[in-house]
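The values are calculated or read from the model by the stated rules, or taken from the named source; none is laboratory data. As the structure is a computational prediction, the values presented were derived from the model and not from experiment. In this analysis, Cβ positions are derived from the backbone assuming ideal geometry, glycine residues included, and neighbour counts consider all displayed protein chains. Quick note on the areas: whole protein, heavy atoms, side chains included, nothing else; ligands and nucleic acids left out. Shrake-Rupley method; radii C 1.70, N 1.55, O 1.52, S 1.80 Å.
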Amino acid sequence: MLDIPDEPIDWRAKGFWAPAGRPPIGASIFGGGFTWPLLTIRESAVRANVATMAAFCARHGMDFAPHAKTTMAPPLLRRQFEAGAWGMTVATPNQALVMRHLGVPRMLIANQVLDPVALGWL
């Protein structure tokens, strides 16, 4: 379904400095492989947050479509779908286009779309 690479960090990652396209083996966030500022996340916190949202929605009989535009992070999208997300929420047609290329089957656009080119694509 989703066209998301298993490798979470490659040349497409924002803030990643890799003229050769891949981080050197054992690259450290403090060793020059990334540009600053740099956001890091704790794996256990991500797991807990995704599970909490999925459980809340299931308990209340709701589908959920997390706001993907906040992170635009494909590995997080995958986790949310694995937890039962109905789709993803984005802010703009451009973000919907990115989601479509990643294989996201359903999206909500959280703003009015008035651009005729974007409306034609939608």
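Listed highest first by mean packing, meaning other Cβ atoms within 10 Å per residue, what order do 79-88, 113-122 come in?
79-88, 113-122
Leaving out ligands and nucleic acids, note down the accessible area per residue over segment 47-122 with a 1.4 angstrom probe, in whole Å².
In whole numbers, segment 47-122 has 62 Å² accessible per residue.
With a/c under 1.5 counting as rounded, go ahead and sort segment 41-87 into rounded, prolate or oblate using the C-alpha gyration tensor (a ≥ b ≥ c being the square roots of the eigenvalues; past the cut-off, prolate if a/b is larger than b/c, else oblate).
oblate
If r is the Cβ-Cβ distance from Trp121 to Asp63 and R0 is 22 Å, what FRET efficiency results, to the nearest 0.05?
0.35
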